[in-house]
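A short worksheet on the structure shown next.
Each reported figure results from applying straightforward, stated rules to the coordinates on display, with no laboratory input. Not measured: the values here are computed from a predicted model. Every residue, glycine among them, receives a Cβ derived from its backbone with ideal geometry; neighbour counts consider all protein chains shown.
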Amino acid sequence: MKKLFSLVLVLILSLGFAAMARADYTVGTNPEFPPFEYMDDNGEVAGIDVDIINAVMAIVDPGAKVDIEVMAFDALIPSLTTGKIDIAIAGMSATDERRVSVDFTDAYFKATQAILVAADNEEIKTVDDLAGKKIGVQMGTTGDLYVTDNVDAAAVDRYDKGLDAVQDVVAGRLDAVVIDNAPAAAFVQSTEGKTKVVAAIETDEVYAIALPKGSDELCAAMNEALAQLTADGTIDAIVTKFMTAE
Ligand code: GLN
């Protein structure tokens, strides 16, 4: 009995964080951001972030249930701060402003902003050409912040869904959309020749997983898992799988 007890003790200690795990995590995301998260043909949330969070949690808390909850992008941080969700993964850039309200894990992807225009647009080629133009962004994103702070636009239209903004470029209602580079590339592909990306804006941003403030223990365990998944090539493989599938 004593032997069994010490065996169990060693097991618990060696599992580290898992020993105090809750075995059930609600993960918020906004599946309007391919290839990081989108609704697949079966109506399931799929994408790079879904595979990453599942791989991370399989290490952090093996056997735990990971429930994905869909919400607006700008609802993710309030949902973390009010405890409605435990984790947010949504191609979310780890900005200093957001760090005031949430904790971030280490980065798992480096992003830039991209300028997307109609395929026949010859006028907009650089960020300077955005002055005086009608620009669409996804509400509350770093693209929104960038345009608001740096571009003297004629108008900035804020959309819930990046794709709706892209469709307004196609329809001629917007001159350009400023959105993260990977979804921009995915939207160019899904609009089948009707749009193009003309320039990248180096905003020096990285995606990280967001947690409620003070999640030190969970954050450390997730960082270890991310390091392991980076070192063994899993993160790269997940990114490549969805980048080429798009
Ligand atoms: N990376 C951008 C941000 O964090 C966009 C994220 C998104 O729209 N899902 O604001």
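Where does the charge balance sit around LYS125 when Lys and Arg score +1, Asp and Glu -1, over other residues with C-beta under 15 Å from its C-beta?
Net charge in that neighbourhood comes out at -4.
Apply the membrane-span-like helix rule to the chain: whole DSSP H runs, Cα extent along the own long axis of at least 15 Å, mean Kyte-Doolittle hydropathy at least 0.0. List the helices found.
Span-like helices in the chain: 2-15, 48-60, 216-231, 234-245.
Please identify the GluC sites (Glu not before Pro) of the stretch 26-90 that satisfy two criteria: DSSP loop assignment and at most 16 other Cβ atoms within 10 Å. Which are they?
Here the GluC sites (Glu not before Pro) that fit, given the DSSP loop and packing criteria, are GLU44.
Under a point spin-label approximation (7 Å from Cα along Cα-to-Cβ), what is the ALA58-LYS125 distance to one decimal in nm?
Spacing of the two 7 Å Cα→Cβ label points: 4.8 nm.
Please give the FRET efficiency for VAL197 paired with ASP152, using the beta carbon to beta carbon distance and R0 = 25 Å, rounded to the nearest 0.05.
E(calc), rounded to 0.05, equals 0.70.
Mind pulling the per residue volume of the convex hull built on the Cα atoms of the stretch 128-231? Å³ is fine.
That works out to 134 Å³ per residue.
Quick query: amide H of GLY28 versus all other amide H atoms, modeled in the peptide plane; which residues come in under 5 Å with a sequence gap of 5 or more or a different chain?
The list, which skips near neighbours in sequence, is GLU69, ASP86, ILE87, ALA88, ILE89.
Rounded to the nearest 5, what % of DSSP beta bridges with both residues in the stretch 27-155 are antiparallel?
40
Measuring from label point to label point, each 7 Å out along Cα→Cβ, what is the ASP204 to THR82 span in nm?
Using points 7 Å along Cα→Cβ, the separation is 3.5 nm.
So in the chain, what percent of DSSP beta bridges are antiparallel if you round to the nearest 5?
Of the beta bridges lying entirely in the chain, close to 60 percent run antiparallel.
Which GluC sites (Glu not before Pro) in the stretch 97-155 pass both tests, a DSSP loop state and at most 14 other beta-carbon atoms within 10 Å?
Passing sites in the stretch 97-155 are GLU122, GLU123.
Check cross-link reach from LYS196 to the lysines: straight Cα distance under 19 Å, and skip same-chain residues fewer than eight apart.
Candidates past the 8-residue exclusion: LYS125, LYS133, LYS134, LYS161.
What are the ³J(HN,Hα) values, in whole Hz, obtained from phi via the Karplus relation 6.51 cos²θ - 1.76 cosθ + 1.60 with θ = phi - 60°, for each residue of the stretch 113-118 in sequence order, with x given for Gly and Pro?
8, 10, 9, 10, 9, 5
Let me know the shape class of the stretch 11-155, please: from the alpha-carbon gyration tensor, a ≥ b ≥ c as square roots of the eigenvalues, rounded when a/c is under 1.5, otherwise prolate if a/b is greater than b/c, or oblate.
prolate
Taking 0.36 nm per intervening residue step and subtracting the Cα-Cα distance, what contour gain separates ASP74 from THR230 on full extension?
Gain in length upon complete extension: 53.3 nm.
Can you give the translational diffusion coefficient of the chain in µm²/s, computed by Stokes-Einstein from the Kirkwood radius over Cα pairs at 20 °C and 1.002 mPa s?
For the chosen part, D equals 112 µm²/s.
Aspartates and glutamates within cross-link reach of LYS213: Cα-Cα under 12 Å, excluding same-chain residues under 8 positions apart?
Output for LYS213: ASP86, ASP103.
Based solely on its DSSP helices, what 222 nm [θ] is calculated for the chain when runs of n ≥ 4 H residues each add -39,500 (n - 2.57) and the sum is averaged over all residues, nearest 500 deg cm²/dmol?
-11000 deg cm²/dmol
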